[in-house]
Amino acid sequence: MKIVISAGDPSGDVRGGELMEELQKITTSEVSGLGGSHIEKAGGEIIFSLYEYSVMGFAEVLSSLGKFRRLRREMRSHILSVDPDLLLLVDYPGFNIPLACWAKRRGYRVIYYISPQLWAWGRKRVRKIRRSVDLMITLFQFEVDFYRKYGVRAVCSGHPLADSIPEPLESESGGEIAFLPGSRRQEISLLLAPMMDSFIILRDAGVISNASVAVSPDVPSELYEQAAEVEGVRLACSVEDALSKASAAVVCSGTATLETAMWGIPFIITYRTSPMTYFLARMLVRGVSNIGMANIVTGKEITRELIQKDVYPENIVRYLNPLLQDTVARRKSLNGMKLVRKALGDKGSSGRAARYIMEALDENS
């Protein structure tokens, strides 16, 4: 079976790699397209490296339009040359939804894995999904319920974090602070400085002595130089490494909020982007009051969100300090972490997604 895959950001590459490994257990396939090291490790041929195209925010995408036009042309040419049995799209909606429409008009089977957050900002684009996607595989059940209202065929596989962090965990007070500033250059450049300044305040006040910063291998190492120079801070080689000794965390919004919750670590969410991107997001997002995935999937604000101008050192300290000790705020937060685990579903999600793909292809063969 020939598959062309399109996964244009780091988290999509991780999830796509996990899915590829499960598909290889079921069938022999040749996979090529847009992705990164995880898909490549799972046997995929990376024709277009995601690290050239992983950007965050409307304004940032606008500044890279020429590069994305070129990628769109080259990706279409690759699909035509391969003539795949399946076009597999992983998240990355700004690029993948138009690609789905183009591919479906040419008669290709299209399966979308990891739903775009259309329930937040793109309800008008659901019609495009209905016309161009044969099957939507979501990570959360509430997304299936959303799509079915619009006549989109959708199934929920659950979240792979239920496999990678299978046992219920709960951290103890008295450990480190884990800082997770994201995996994109822009996120790190906007969030790491206030994170480090908040640690210095807490360290100098005698509240805590050590912290860790999760380092992404996909961005230049010099972005972390300011953290490496702070006494008491260690650079961790992964999110897991950073969280392994943590009592509390400060986390960039996104999948890392789910991972931190699964580790049973109380945390606060920080989010910063360019003023233009934030303005446009406020105009487009409707019906969703939270920005962090941990809050969204539980339907409750289980953790504090600091956004844009609210991300400054003293404010981080204000909400982080109570989570470092045995307080009512910490115990309440730990109870919220259990709700996240429940929302992520049972183990075996990537295997279920692989089976859903094979069943969908068998139906149309």
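Here are the numbers for the structure shown:
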{"item": "Residue ranges of helices (runs of 4 or more DSSP H) in the stretch 81-141 with at least 3 members over 21 Å from residue 9 (Cβ atoms)", "result": "126-132"}
{"item": "Yes/no for residue 206 being within 23 Å of residue 315 (Cα to Cα), in contact (Cβ under 8 Å) with a residue 40 or more places away in the chain and exposed (fewer than 13 other Cβ atoms within 10 Å of the Cβ)", "result": "no"}
{"item": "Matching residues, the stretch 94-116, being closer than 15 Å to residue 154 by Cβ and either under 16 Å from the mean Cα position of the chain (by Cα) or among the acidic types (Asp, Glu) (or both)", "result": "112, 113, 114, 115, 116"}
{"item": "Selection status of residue 299, modelled with pLDDT of 75 or more, more than 28 Å from residue 199 (Cα to Cα) and surrounded by fewer than 22 Cβ atoms within 10 Å (Cβ to Cβ)", "result": "yes"}
{"item": "Residues of the stretch 134-146 satisfying the condition of being free of Cβ contacts under 8 Å to residues at least 40 places away in the same chain and touching a helix residue (DSSP H, G or I) at 6+ places or on another chain (Cβ under 7 Å)", "result": "136, 138, 143, 146"}
{"item": "Neighbours by Cβ (under 7 Å, 6+ apart or cross-chain): first from the stretch 22-34, farther than 12 Å from residue 354 by Cα; second polar (S, T, N, Q) and in a strand (DSSP E or B)", "result": "33/6; 34/6"}
{"item": "Pair list, Cβ under 6 Å, 6 or more apart: the stretch 1-15 residue under 20 Å from residue 109 (Cβ atoms), other residue acidic (Asp, Glu)", "result": "1/85; 2/30; 2/85; 7/13; 12/91"}
{"item": "Pairs, first in a loop (DSSP other than H, G, I, E, B) in the stretch 345-359, second surrounded by fewer than 15 Cβ atoms within 10 Å (Cβ to Cβ), C-beta under 6 Å, six or more apart", "result": "347/166"}
{"item": "Criterion (closer than 22 Å to residue 352 by Cα, more than 20 Å from the chain's Cα centre (by Cα) and not aromatic (Phe, Trp, Tyr)) met by exactly one of 144, 133, 155", "result": "133"}
{"item": "Any pair with Cβ under 7 angstrom, 6 or more apart, that starts in the stretch 104-118 at a residue that is within 21 Å of residue 139 (Cα to Cα) and free of Cβ contacts under 8 Å to residues at least 60 places away in the same chain and ends at one that is of a type in the set (S, T, N, Q) and part of a helix (DSSP H, G or I)", "result": "110/132"}
{"item": "Spans of helices (runs of 4 or more DSSP H) in the stretch 147-257 with at least 2 residues touching a helix residue (DSSP H, G or I) at 6+ places or on another chain (Cβ under 7 Å) and under 25 Å from residue 112 (Cα atoms)", "result": "161-164"}
{"item": "Yes/no for residue 188 being within 30 Å of residue 333 (Cα to Cα), surrounded by fewer than 17 Cβ atoms within 10 Å (Cβ to Cβ) and touching a Pro at 6+ places or on another chain (Cβ under 8 Å)", "result": "no"}
{"item": "Of the criteria (1) surrounded by 20 or more Cβ atoms within 10 Å (Cβ to Cβ); (2) at pLDDT 90 or above, which one residue 50 fails", "result": "(2)"}
{"item": "In the stretch 312-335, the residues that are assigned to a loop (DSSP other than H, G, I, E, B) and at pLDDT 95 or above", "result": "312"}
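For (1) surrounded by fewer than 19 Cβ atoms within 10 Å (Cβ to Cβ); (2) assigned by TED's automatic domain parsing to the domain that holds residue 80; (3) of a type in the set (Phe, Trp, Tyr), each residue gets a yes or a no:
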{"residue": "96", "(1), (2), (3)": "no, yes, no"}
{"residue": "102", "(1), (2), (3)": "yes, yes, yes"}
{"residue": "113", "(1), (2), (3)": "no, yes, yes"}
{"residue": "117", "(1), (2), (3)": "yes, yes, no"}
{"residue": "124", "(1), (2), (3)": "yes, yes, no"}
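The values are calculated or read from the model by the stated rules, or taken from the named source; none is laboratory data. Computed from a prediction, not measured in an experiment: that's the story for all the values here. Using ideal geometry, Cβ is built from the backbone for each residue, glycine included, and neighbour counts are taken over all protein chains shown.
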